[in-house]
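Worksheet: one structure, shown below.
Values in this text are rule-based calculations from the coordinates and carry no lab data. Every value quoted in this text rests on a predicted model; they were computed, and no experiment measured them. We place every Cβ from the backbone using ideal geometry, glycine too, and count neighbours over all the protein chains shown.
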């Protein structure tokens, strides 16, 4: 099953905070990794413990993409894009606790 990918306005703002080549890499990986079987755990994809942000996380190097899957609507909704520095997650330039 092929799913559509939708970005929240916040996720689009998150992406804009990165350099152009980083944006391109992130979007390319989202397309590659999440169009098919986004709910299958892999080395770079994992289901998160319950939290306020999203149900799933996709790792792309230092970047983290947080997303939810709507099987009925056949779409993946990108909720936020952040990055890790050491063990600290930053979203929109702010330290974020999951």
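General observations
- Taken together, the residues in the range 74-84 that are surrounded by fewer than 16 Cβ atoms within 10 Å (Cβ to Cβ) and more than 11 Å from residue 6 (Cα to Cα) amount to 1.
- Checked against the criteria, residue 18 counts as part of a loop (DSSP other than H, G, I, E, B), in contact with a strand residue (DSSP E or B) (Cβ under 8 Å, 6 or more places away or on another chain) and closer than 25 Å to residue 95 by Cα.
- Checklist (1) in contact with a strand residue (DSSP E or B) (Cβ under 7 Å, 6 or more places away or on another chain); (2) surrounded by 15 or more Cβ atoms within 10 Å (Cβ to Cβ) applied to residue 95, failing item: (2)
Yes/no matrix, rows are residues, columns are (1) over 18 Å from residue 24 (Cα atoms); (2) in contact with a helix residue (DSSP H, G or I) (Cβ under 7 Å, 6 or more places away or on another chain); (3) in contact (Cβ under 8 Å) with a residue 12 or more places away in the chain:
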site	(1), (2), (3)
36	yes, no, yes
40	yes, no, no
49	yes, no, yes
59	no, no, yes
63	no, yes, yes
69	yes, no, yes
74	yes, no, yes
80	no, yes, yes
86	yes, no, no
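- Whichever residue in the range 1-12 is touching a strand residue (DSSP E or B) at 6+ places or on another chain (Cβ under 9 Å) and part of a helix (DSSP H, G or I) and, among such residues, is nearest to residue 65 (Cα to Cα): 11
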